[in-house]
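Each value in this text was obtained by applying a stated rule to the coordinates, not by laboratory testing. Just so it is clear, the model here is predicted, and its values are computed rather than measured. Methodologically, a virtual Cβ is constructed for each residue, glycine included, from the backbone with ideal geometry; neighbour enumeration extends over all protein chains shown.
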Amino acid sequence: MKHGFLLVDKPVGPTSHDIVEMVRKQLHETHIGHLGTLDPAASGLLVMAVGSKALKCIELFQNGTKAYEAEITLGAVSTTYDREGVIESLTPKAGWMVPDDHTIMLLIADRFIGKIKQVPPEASAVKIGGERAYRKFRQGRGVNIPPREVEITECAVVEYAYPHLKLRVRCGSGTYIRSLAHDLGASLKCGGYLANLRRIKVGEWRVGDSHRPDCIAWGHVIPLKEVLKDFSSIELTEAQAENIRHGRDIVLDSPLSAKDTIAWLNDLPIAILTPRNDGTELVHARKVL
């Protein structure tokens with residue numbers, strides 16, 4: 001079997017876990033996960049890890065950027081910040097004027113670019129006191145979610161004709177586009193909710209290179225050698241690999257060039273190595289793959 005990553009174009013409707021189950025059945029492989037959940041109402045790129053070694057490499061990509069196309073409906077709010085919730089149209093206050101695209105772009109640049117504080121939706125998977133927020137929300141219990149720092153590096157207006165606004169957003173891990181839609185609407189004093197969301201990029205992987213979840217084959221799996229090509233790497237001997245597998249430190253011919261270095265043997269990753277930084281030349285496995 002291969003160990004690698006798989007690019008899947010998730011349709012609207014199924015959960016991310018549903019897609020995992022579909023791929024497991026098609027590849028007859030149980031060791032499958034993904035790099036970041038897409039809500040059922042969202043579509044687009046779902047990067048999946050196939051094989052036990054690939055699953056253990058997910059952490060190396062958790063802090064990567066993601067890009068989305070977001071369609072926002074202004075003039076209304078939603079209890080879930082998207083079209084799945086209870087939607088209420090808002091009546092603008094006297095004197096309010098429909099914002100033009102220039103006004104929206106200036107507002108975005110002023111309040112929604114860079115590192116910002118964002119409150120996730122109450123209907124989200126954020127844990128509050130060890131419990132998922134959406135469970136409390138569905139039971140009608142109060143949900144108090146503290147703001148979190150997220151980073152948005154790009155938020156560009158693609159199309160706009162009030163009340164329909166389409167944005168292209170590039171952001172860091174943990175950013176809720178639903179919250180962005182809600183907060184932008186609040187700042188425009190007209191309300192807003194996320195009508196459609198499509199993930200178009202994860203790191204350097206693009207949705208244009210992905211495959212339908214019902215047409216997956218082993219030939220679509222990107223080998224780990226390609227997936228991990230941008231990480232520092234080193235080839236181990238059989239003896240070194242055996243020591244690493246048994247939790248023993250090793251000494252290399254030259255010092256590691258990066259904190260996280262991928263150790264390879266016969267085209268398969270063996271471990272993520274890191275120096276001990278204790279004055280010795282010893283290197284240990286931060287994680288055995």
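Side notes on the structure shown:
- Backbone HN-Hα couplings from phi across segment 259-271 [Karplus 6.51/-1.76/1.60, Hz, Gly and Pro as x]: 4, 10, 10, 7, 8, 10, 8, 6, 6, 10, x, 9, 6
- Label-point gap, in nm, between Ala156 and Ser89 - each point 7 angstrom along Cα→Cβ: 3.4 nm
- Pairs of Cα atoms nearer than 8 Å and 6+ residues apart set the relative contact order; for segment 231-288 it is 36 percent.
- Cα gyration tensor shape for segment 190-289, rounded if a/c is under 1.5, else prolate or oblate: prolate
- By definition, a body whose alpha carbon gyration tensor gives a ≥ b ≥ c is prolate when a/c is 1.5 or more and a/b is larger than b/c, and segment 21-104 fits this prolate description.
- Helix 177-187 axis, angle to the chain major axis (alpha carbon atoms, nearest 10°): 30 degrees
- Exposure proxy ranking, count of Cβ atoms within 10 Å, fewest first, for Leu107, Leu45, Leu289: Leu107, Leu289, Leu45
- With θ taken as phi - 60° and the Karplus curve 6.51 cos²θ - 1.76 cosθ + 1.60 applied, the whole-hertz 3J(HN,Hα) list for segment 216-230 is 8, 9, 4, x, 7, 6, 7, x, 4, 4, 7, 4, 9, 5, 8 Hz, x standing for glycine and proline.
- Given Lys229/Lys259; Lys115/Lys229; Lys10/Lys225; Lys10/Lys136; Lys93/Lys189, the pairs whose alpha carbons are separated by over 18 Å: Lys115/Lys229; Lys10/Lys225; Lys10/Lys136
- Amide H contacts for Ile200 (H built 1.01 Å from N in the peptide plane; partners 5 or more residues away or on another chain; cut-off under 5 Å): Leu45, Ala67, Tyr68, Glu69.
- Cut-off under 5 Å, modelled amide H: who pairs with Val119 long-range: Arg148
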